[in-house]
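Each remark here refers to the structure printed beneath this line.
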Amino acid sequence: MYRARKLVLWHFWVAFIAFFAAILLGEWQMFVRSPLSPWVNNPEHYYRSVTGHGTVMGYVMPTLVAMGFGYAITELALKRPLIGVRWAWGGFWLVIAGTLMAALTTAVGKSSVLYTFYPPMIGSTFYYLGIVLVVVGSWIWVALMAINLRAWTKANPETTIPLAMYGNVTGAYLWAWTSVGAASEILLLILPATTGLTDTINVGLARVLFSWTLHAIVYFWLMPAYIAFYTLFPRAIGGRLYSDTMGRVAFALFLVFSMPIGIHHLFADPQVGAGFKFVHAAMTAMVSIPTLLTVFTIVASAEIVARLRGGKGALGWVKALPWNNPWMLAVTLAFIMLGFGGAGGIINMSYQLNESIHNTQWVTGHFHLIFGGAIVIMYFMIAYELWPQLLSCATLSPRLIKTQLWTWFSGMMILTMPWHLVGLLGAPRRMAYYDYTHPLLAPQAITVTMSTFGGLILVISAAMFIYILTSARRQSAPVPAFTFSQAVHPNSKPPAVLNGLGLWVAMMIALTLVNYGYPIVQLALIPEASVPVIPIGAR
């Protein structure tokens, strides 16, 4: 790397330290809700913990990882120094300031509103201002990604944009647009209420604006993982990417399909009509297309390696895969968790079936498998892969890495599978207390206990991850140059429409306005949608 080495390292360290703190909060929540612990007698403490855990995991950690990985990709893929390093540091410190502001107000009990912060519950002004600072800091990153790509394309007008940078900028544009929803909710509705300018808030409009962000943010979380699938995994296992073009199609389709789907989170809310709920349900099914394309392409890339290693037969090649390679293990475990989580998501997005699991522990299990499972395990691998470049150290221990990956996978499965089961039985999520002496709840005690032990394994795995990173030592020998995966046909050029993002960004904006425009205007004009605010803590 050139200028960005220290910048990337700081982003990663803050992200992973915050991540470890949030893991501890999550395990504490599981423990105090389980039969293993007497009740803490103060639900406020529980909801403070849930808010802190969700805010770090939903906003802070993935944003910092995406930013740090994005800066690394910019220099490593474009092979030129990062433009705007001072601005990048400014964005980083805005994220830090916002994180501290939101964390402190939550810790003192002024903003136990959960990371979704649905009105009419209203927290401290400083909590929301902290979230705004995190978003503004990330917008600086978005601008820098666009600026650096534009400068590179001007200098290389006939050259194909590297796939890693194409995916990186796709993720940046997706985040810039999806964050507009929550930002609008905070600036236009919540802050006037928290500062006393109004005593009511348009709950229906606020929830629709937040749904603009609520599901598309998942694909912002996913983007670094998918970049790793396409541009790091094939090279790491000794092979080539099956199709560079397929990767570009998948990234472009995430822009198109991930935005106009958030209202499927509001199926139980009366303020949105059934017609738009159905449209969002149908569009949610479409977002599976880029994921299915990715699974096919990455499995095909792995098969190429296995065939070159002597694998034969319809399935015999699976034995020839490099199973001792941490990347092979990580991607396999990620796909397993992605499969289970995606199967649960089919239930969530169904207009009819959603009624059976709405607001139950099933939903908690679903998104923990997707984010905490498939996404975070790839964040681990991104850090492991970049660490020698960032610290000029030797390659990290494959044995320790594989142990850490197995413990993370085992803990996540033990944590989430019982949640799916009790969700089908109707167990609500976000409840601070359960009386397991009640005859109807007594059978669930064992499942909650299992999840608590799963969470403990995750804490151990997260501690191992931090240990592996901190145990790296600088070496005097030069670190090999970093490379991304090459395609099977490296000299073939993709269609022009897949060497730019203009069309896909336009489609993303257009579909969002079509799918959200009418509900937003309708709710903004209905005075009955405004209700008195419920302050959490003092204003």
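Quick notes on this one:
- When Rg and Dmax are taken over the Cα atoms of segment 5-535, they come to 22.8, 71 Å.
- Remark on Thr360: its backbone amide H falls under 5 Å from those of Arg429, a criterion applied only to residues 5 or more positions apart or on other chains, H modelled at 1.01 Å from N.
- Computed from backbone phi with θ = phi - 60° and the Karplus coefficients 6.51, -1.76 and 1.60, the 3J(HN,Hα) list for segment 426-433 is x, 5, x, 8, 6, 9, 7, 8 Hz; x is used for glycine and proline.
- Listing Trp93, Trp141 from fewest to most neighbouring C-beta atoms within 10 Å gives Trp93, Trp141.
- Mean Kyte hydropathy of 1.0 or more with a Cα span along the axis of at least 15 Å, helices from DSSP in the chain: 5-33, 61-78, 85-107, 125-155, 203-214, 216-231, 244-257, 288-308, 326-349, 376-391, 445-470, 502-524
- Neighbour-count order for Met381, Met259, fewest beta carbons within 10 angstrom listed first: Met381, Met259
- Cross-link check: pairs Lys312/Lys493; Lys6/Lys154; Lys319/Lys402; Lys79/Lys402 evaluated at a Cα-Cα cut-off of 20 Å; pairs beyond the cut-off: Lys312/Lys493; Lys6/Lys154; Lys79/Lys402.
- Long-range HN-HN contacts of Leu241 with modeled amide H, under 5 Å: Gln486, Ala487, Val488
- Sum of side-chain charges, Lys312 neighbourhood, beta-carbon under 15 Å (Lys, Arg +1; Asp, Glu -1): +2
- All C-alpha to C-alpha distances of segment 1-136, sorted into 5 Å bins beginning at zero, yield P(r) values of 2, 11, 18, 19, 16, 12, 9, 7, 4, 2, 1, 0 percent in whole numbers.
- Principal axis box of segment 462-539, alpha-carbon based, largest edge first, Å: 68, 48, 17
- As a rough footprinting exposure proxy, the listed residues Tyr128, Tyr226, Tyr434 were ranked by other beta carbons within 10 Å of their own, and the order from fewest upward is Tyr434, Tyr226, Tyr128.
- Projecting the Cα atoms of Thr99, Ser410, Val363 onto the dipole axis of the chain, where Lys and Arg carry +1 and Asp and Glu carry -1 at the beta carbon, places Ser410 farthest toward the positive end.
- The three principal axes of the C-alpha atoms in segment 145-280 carry coordinate ranges of 59, 33, 25 Å, sorted with the longest axis first.
- Residue-averaged [θ]222 nm for the chain, counting only DSSP H segments that reach four residues, each worth -39500 (n - 2.57): -21500 deg cm²/dmol
Every number in this text was worked out from the coordinates using simple rules, so none of it is lab data. Keep in mind that what you see is a predicted model, and the values were worked out from it rather than measured. For neighbour counting, all protein chains shown are included, and Cβ atoms are generated from backbone atoms with ideal geometry for every residue, glycine included.
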